[in-house]
Amino acid sequence: MDLIAMATGFLLILIGLFGALTNRNILRMIVAFAVANTGVNLVLVSVGYMTGRTAPILDSAVPVAEATARVIDPVPQALVLTAIVIGVGVTALMLAYAYRLFKTRGTLDISRYTDLKW
Amino acid sequence: MIKRFAVILLLLGIGAIFTGLMVNYVPDKALNVTARYYAEQTAPDLGAANIVTAIIVTYRGLDTLGEVTVLFLTAAIVGLVLARGSSDEAPARRDLPPPGELLLTGTRLLLPLILLFGAYVFTHGHLTPGGGFQGGAIIASGMLLMLLSHPLRRFGHRLIAIVESIAGLAFVGIGVLGIALAGGFLDNRILPLGTFGELFSAGAIPIIYTFVGLKVGAEFSSMLVNLSETEDL
Amino acid sequence: MNLNIGMALLLAIGMIGTAIMATRGKRSLGISILAAGLASLLASVMFLLLGAPDVAMTEAAIGSGLTTFLFFFVLGRVRRGEND
C-alpha cells in the first residue's frame with residue numbers, strides 16, 4: 001500500500017510540474033503547483049508507513065508499553081503537517097502576487113510579462 | 001513546440017530518478033532511533049497520548065514557532081501586496097443582491113457550532129488527532145461563512161491583529177517560562193502532567209496548542225479578509 | 001487488508017484523474033480549481049489509510065478547504081483575465 005501511495009505521489013509531482021511548465025495562465029500554474037505540493041506530501045507520508053501498524057496515538061488499543069512495536073513512524077507525519085501549513089501560505093502569497101500583476105497589467109498570460117526576459 | 005519537447009525530456013529525467021528511488025525503496029521493519037525515542041518517551045516524559053502533537057509542540061516546539069512566524073509573515077505580505085493605496089477613491093458601494101434567507105439563517109445557526117468545534121479540536125490536540133493548526137483552520141472557515149453572508153461588512157482588522165499578537169506573545173511567554181521553571185524552551189512540564197489520557201493532562205501542551213490555534217486562526221482569517229476586500233476592479 | 005489495497009488503488013486512480021483534469025488547460029479555470037481541491041480531498045483519505053489521521057485532518061481542512069476558497073476569491077476578482 002505504501003508503494004501505491006508513493007507511486008501516486010510521484011505521478012502527482014510529475015503532473016503538477018508538467019502543468020506548471022506548459023500552461024500560460026498564471027492561475028493555472030498556481031493550481032498545478034498546488035497539485036505537485038499534494039504529491040510531495042503523499043510521498044513523505046508513505047515513507048513513514050509500516051505494514052500492520054497503527055496511527056501514533058496511544059490509547060487503550062495501543063498501550064504505552066507496546067508503543068514501539070505497534071505505531072507508525074511519527075516523524076514524517078509531523079514534518080508533513082508543517083509542510084501543508086507552509087504550503088497554503090506559499091499558495092496565498094502566489095495568489096496575492098498574481099492578483100497584483102493582473103491589476104497592473106490587466107492580463108494573466110505569462111508570455112506578456114517580458115520585463116525580465118533576455 | 002521545441003519548448004514542449006524540452007519539458008517532456010526534463011520530466012522524463014525526473015521520472016527516471018523517481019523510478020530509481022521507488023525500485024530501491026525498502027520499507028523499515030522497525031522504528032529508527034529517533035522515532036523509537038519519541039514512541040517510548042512521549043507518554044512517561046510528557047504525558048501526551050498523541051505522539052505527533054508531542055513532537056510538534058514540545059520536542060520540535062521551536063520549529064512550530066518558526067512555522068507560525070512564517071505564516072504571520074505571509075499574512076502580513078498578503079495584506080501589504082493587496083492593500084489599497086490611500087489615494088484610491090473610496091470603494092464603490094455596489095448594491096449586491098441580499099445573501100438570502102438560507103445563508104443568513106445557516107450562518108447564524110452554524111457559526112457558534114463551527115467555532116465550538118474549532119476550540120474542541122485545538123484543546124484536545126494531545127489526546128485525539130487534530131490540534132492548533134487544524135482548529136485554527138476550522139475557526140477561519142467560520143470566519144469565511146461570515147464573509148460569505150455579509151460580503152460588504154468591514155471586519156475589524158484591529159480585533160484580528162489583537163488576537164494574533166496576544167496569542168503570539170503568550171506562546172513565546174510560555175516558552176520562556178519553560179526555561180525558567182522546567183528543562184528548556186517550550187518545555188511543557190511547567191504544569192503538573194496529570195492523569196494520562198484526560199483533558200487536563202500533558203502539562204502545558206493544551207495551553208500552548210490553544211494559543212497556536214488562535215494565532216493560526218487569526219492569520220488565516222486575515223488572509224481571507226484581505227483577499228475578499230479586494231472587490232471591484 | 002485486501003480491502004485497504006483496493007481502496008488505495010481506487011483513490012490513486014481518482015487522484016491521478018483529478019490531477020490531470022486540474023492541470024490540462026482545456027477546461028474552465030473554475031473546474032480546474034475544483035479538481036485540484038478534489039485531488040487534495042482524496043489525498044486526505046489516502047493519509048487516513050496510511051495511518052496518519054493528524055495529517056488527514058490538516059489536509060482536509062487546510063489543503064482542500066482553505067486553498068480552494070483562496071483560489072476562488074482571486075478567480076472572482078480576475079474574471080476578465082480568465083481566458084488568457
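The values are calculated or read from the model by the stated rules, or taken from the named source; none is laboratory data. Please read all numbers here as calculations on a predicted model, not as lab measurements. As a convention, Cβ positions derive from the backbone with ideal geometry for all residues, glycine included, and neighbour counts pool all protein chains shown. Calculation scope for accessible area: heavy atoms of the full protein, side chains included, ligands and nucleic acids excluded. Shrake-Rupley method; radii C 1.70, N 1.55, O 1.52, S 1.80 Å.
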Next item on the list: Tell me which residues, restricted to region A:14-27, are of a type in the set (A, V, I, L, M, F, W, C), at the interface with another protein chain (Cβ under 7 Å from one of its Cβ atoms) and within 19 Å of residue A:93 (Cβ to Cβ).
Entry: A:27
Notebook entry, point to check: Are any of the residues in region A:28-36 touching an Asp or Glu at 6+ places or on another chain (Cβ under 9 Å), of a type in the set (A, V, I, L, M), at the interface with another protein chain (Cβ under 7 Å from one of its Cβ atoms) and buried (at least 17 other Cβ atoms within 10 Å of the Cβ)?
Noted result: no
Next item on the list: Identify all residues within region A:63-98 that are free of Cβ contacts under 8 Å to residues at least 24 places away in the same chain, buried (at least 20 other Cβ atoms within 10 Å of the Cβ) and touching a strand residue (DSSP E or B) at 6+ places or on another chain (Cβ under 9 Å); write none if there are none.
Entry: A:71
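Could you count how many residues in region B:14-48 are surrounded by fewer than 24 Cβ atoms within 10 Å (Cβ to Cβ) and either at positive phi or outside any helix (DSSP H, G or I) (or both)? Working first, answer last.
Filtering region B:14-48 down to residues surrounded by fewer than 24 Cβ atoms within 10 Å (Cβ to Cβ) leaves B:14-30, B:32-37, B:40-41, B:43-45, B:47.
Still in the list and also either at positive phi or outside any helix (DSSP H, G or I) (or both): B:24-30, B:32, B:47.
Adding up the residues that qualify gives 9.
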Notebook entry, point to check: Tally time: how many residues in region B:31-78 are in contact with a Ser or Thr (Cβ under 6 Å, 6 or more places away or on another chain) and more than 9 Å from chain A (Cβ to nearest Cβ)?
Noted result: 2
Next item on the list: Those residues that are without any contact (Cβ under 8 Å) to a residue 24 or more places away in the chain and not aliphatic (A, V, I, L, M), I need them from region B:63-83; list them, please.
Entry: B:63, B:66, B:67, B:69
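What residue, of B:176, B:121, is open to solvent by 40 Å² or more (accessible area, probe 1.4 Å) and either in contact with a Leu (Cβ under 9 Å, 6 or more places away or on another chain) or among the hydrophobic types (A, V, I, L, M, F, W, C) (or both)?
Working: B:121 fails: open to solvent by 40 Å² or more (accessible area, probe 1.4 Å).
Testing whether each residue is open to solvent by 40 Å² or more (accessible area, probe 1.4 Å) and either in contact with a Leu (Cβ under 9 Å, 6 or more places away or on another chain) or among the hydrophobic types (A, V, I, L, M, F, W, C) (or both) leaves just B:176.
Only one residue in A:94, A:29 is over 14 Å from the mean Cα position of the chain (by Cα) and within 28 Å of residue B:135 (Cα to Cα), so which one is that? It would help to see each step written out before you state the result.
Values: A:29 fails: within 28 Å of residue B:135 (Cα to Cα).
After applying the criteria, what remains is A:94.
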